[in-house]
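Enquirer: Structure provided below as structure tokens; questions to follow.
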Ligand code: GLU
């Protein structure tokens, strides 16, 4: 195989959404696997809808996901003169022609086709007409001469052999009357000039592929290998909606997903390697093949994504997670948490191994860390309040007395003291731990409560207890 060149070709009309991210991931993995390159082409020919902030958001999204493209991003709009040049070359070669039909004539053509029960297509009016018959004052478009018979075959790595009847493909426009290229034409010229060997994209582009092959053939260019991947659907099988997760990748970052978890999850969404669910990016690259792409539509599943994210959170180094917690708190505007996390870095780092097994997202990690920097008197949530019955508060007072007497403030010493107290009271240790957790963290879920006491320190522990017993 010659050197593999793939490309990711987003239209910058919005954020990098989850489907685009997956397409980029597959292109990236395939290029990496074969020691090739992945190029980034910004398809910004639609000047009305393309924006610079969207270009930035796409680049940031890719970078955050660790999907680095090779070389500079290419602007499709910036290549308009090259697109026009090829369109004129096709005219010169006799594979394309100037069409002078006015909008009214085209309307009439469509009406007539419809009346005859045919699909509303261009009827080739100018295909063989002598340009000397060109009317005055009409700027022509350039149309490709689509083959009149035979089939156009897309040999697709995912869809297999897909046959398009030429009668369904009319002489479509490649250059508009203002000299700008159509999308169909620009993509082919760019892919050829960029040396793209493999096109991996959504299967909503499959019929475009047939039209694009007509241009490749007319120019005598090699058609790249193609893999059209099924789109992502919601868990109910319907088109992916916002509620289902059709969001920009930055929304996932803000919800507290780690890039490596999202990569792993997206890889499994439409691609598989045996029964493997969790694998490193390096393994994915090693295993990646176009044959592993699934033909059936993938279904987005938040629960699965959460579970995978939980795995990566458990595995991560505390220092790495700490930085992400801070960045996330900053990004989503959680000022109190931001101050708490940055002001108590060492304690948060020490607590993280206790927090990690209990969190599925970075936001949950932040919530779990709040007991460290919560200000007194603590806000006690509803479930925790329910545990703080008058009876429980009396037990808390006894605990406070016992804890006063501890010499060394450590988990084993606290553990021994609490067990002794539980025995004396004829209570299970858990019965003591529950109200203790409520009083010290304001919640019913936290790391081991004795660890919590050591993390926040003796003085703070006694003060928080006191707040609930006095
Ligand atoms: N710009 C197109 C899109 O965002 C992709 C075109 C292609 O991959 O050929 O859907």
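Enquirer: Classify the range 231-304 from the C-alpha gyration tensor, please: rounded if a/c falls under 1.5, else prolate or oblate depending on whether a/b exceeds b/c.
Expert: oblate
Enquirer: While we're here: Efficiency by 1/(1 + (r/R0)^6): what FRET value for residue 320 and residue 375, r their Cβ-Cβ distance, R0 = 30 Å, to the nearest 0.05?
Expert: Working: r = 28 Å, r/R0 = 0.92.
That pair, residue 320 with residue 375, gives E of 0.60.
Enquirer: Given the range 42-166, what percent of its DSSP beta bridges are antiparallel, to the nearest 5?
Expert: 90 percent
Enquirer: According to the square roots a ≥ b ≥ c of the eigenvalues of the Cα gyration tensor, what is the shape class of the range 25-83, taking rounded for a/c under 1.5, prolate for a/b larger than b/c otherwise, and oblate for the remainder?
Expert: Oblate is the answer for the range 25-83, as a/c is 1.5 or above yet b/c matches or exceeds a/b.
Enquirer: As a test, work out the antiparallel percent of DSSP beta bridges whose residues both lie in the range 153-298, rounded to the nearest 5.
Expert: Rounded to the nearest five, the antiparallel share is 50 percent.
Enquirer: Here's a follow-up. Rounded if a/c is under 1.5, else prolate if a/b is larger than b/c, else oblate: which is the range 389-470, with a ≥ b ≥ c the root eigenvalues of its Cα gyration tensor?
Expert: Taking the square roots of the gyration eigenvalues as a ≥ b ≥ c, the range 389-470 is rounded.
Enquirer: Also: Among 193, 170, rank each residue by its count of other Cβ atoms within 10 Å, from fewest to most, as a rough exposure measure.
Expert: 193, 170
Enquirer: Separate question: How many angstrom lie between the Cα centre of the range 73-98 and the Cα centre of the range 128-155?
Expert: 14 Å
Enquirer: Neighbour counts of other C-beta atoms within 10 Å: give me 293, 231 arranged from fewest to most. Write down the numbers at each step before the final one.
Expert: Values: 293 21, 231 16.
So the residues, fewest neighbours to most, are 231, 293.
Enquirer: For a quick check: sort 97, 252, 216 by the number of other beta carbons within 10 angstrom, fewest at the front. Could you put the intermediate results ahead of the total?
Expert: On the way: 97 20, 252 25, 216 16.
In order of increasing Cβ crowding within 10 Å: 216, 97, 252.
Enquirer: Also, quick follow-up: So if I take the centroid of the Cα atoms in the range 384-412 and the same for the range 288-360, what is the distance between those two points in Å?
Expert: Spelled out, the Cα-based centre of one part sits 33 Å from the other.
Enquirer: Still on this structure: Percent relative contact order of the chain, based on C-alpha pairs within less than 8 angstrom and at least six residues apart?
Expert: Reported relative contact order: 12 percent.
Enquirer: Could I ask something else about it? Report, for the chain, the % of DSSP beta bridges that are antiparallel, rounded to 5.
Expert: Antiparallel bridges: around 50 percent, rounded to the nearest 5.
Enquirer: Additional query: Quick one: compute the contact order of the range 319-379, relative version, from alpha carbon pairs under 8 angstrom and 6+ residues apart, as a percent.
Expert: 38 percent
Enquirer: Oh, and also: Find the relative contact order for the range 315-470 and round it to a whole percent, using C-alpha pairs within less than 8 Å whose residues are 6+ positions apart.
Expert: Working: 156 pairs, mean separation 42.0, N = 156.
Value for the range 315-470: 27 percent.
Only the coordinates and a few stated rules stand behind these numbers; no lab work does. Quick caveat, the model's predicted, so the values are computed rather than measured. FYI the Cβ positions are ideal-geometry reconstructions off the backbone, even for glycines, and counts take in every protein chain you see.
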